[in-house]
Amino acid sequence: MSATYKVRIPVVGLACAGGDAMALERRLARVRGASGVFVNPATEVVYAEVESEEVEQEIRRGVEEAGYAAPGRVVTSRSGRSAVAPTRQRS
């Protein structure tokens, strides 16, 4: 069993109406190596437990492919402490 960590990814532009959050959640829940995926439209945040940074990036790509921006993240370590980590800019 792989070690996992929890991540919160902000989602800019997510609407509560029309099932956008549910559709995004279903899409992201299919990412291999991710579990406990939850999209909160009120706070515009995706919550997930991921096995690796690659899986986290796949979640982020899924958000962006769905038409939203994912500008940052908060990683919760196994110790329960949180650390804000900006995303890397693409060149």
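Quick note: the coordinates plus some simple rules give every number you see, no bench work behind them. This is a predicted model, so every value here is computed, not measured. Glycine also receives a Cβ, built like all others from the backbone with ideal geometry; neighbour counts cover every protein chain displayed.
The slack in the chain from residue 49 to residue 29, taken as 0.36 nm per residue of separation less the alpha-carbon distance, amounts to 6.2 nm. Using θ = phi - 60° in the Karplus curve 6.51 cos²θ - 1.76 cosθ + 1.60, the 3J(HN,Hα) couplings for segment 28-43 round to 6, 5, 7, 6, 5, x, 10, 9, x, 5, 9, 10, 9, x, 5, 9 Hz; x is entered for Gly and Pro. Computed about its Cα centre, the charge dipole of segment 5-86 is approximately 200 debye, with only Lys, Arg, Asp and Glu carrying charge at their Cβ.
Give a quick list of trypsin sites (Lys or Arg not before Pro) in segment 1-75 that DSSP marks as loop, anything other than H, G, I, E or B, with at most 15 other Cβ atoms within 10 Å. Numbers along the way, then the final one.
Numbers: sites: 6, 8, 26, 27, 30, 32, 60, 61, 73; in loops: 30, 32.
Hits after loop and neighbour filter: 30, 32.
Each other residue within a Cβ distance under 12 Å of residue 20 adds +1 if Lys or Arg and -1 if Asp or Glu, for a net charge of 0. Shape summary: segment 1-79 maps onto an equivalent ellipsoid whose semi-axes, from the alpha-carbon gyration tensor, are 20, 12, 11 Å in decreasing order.
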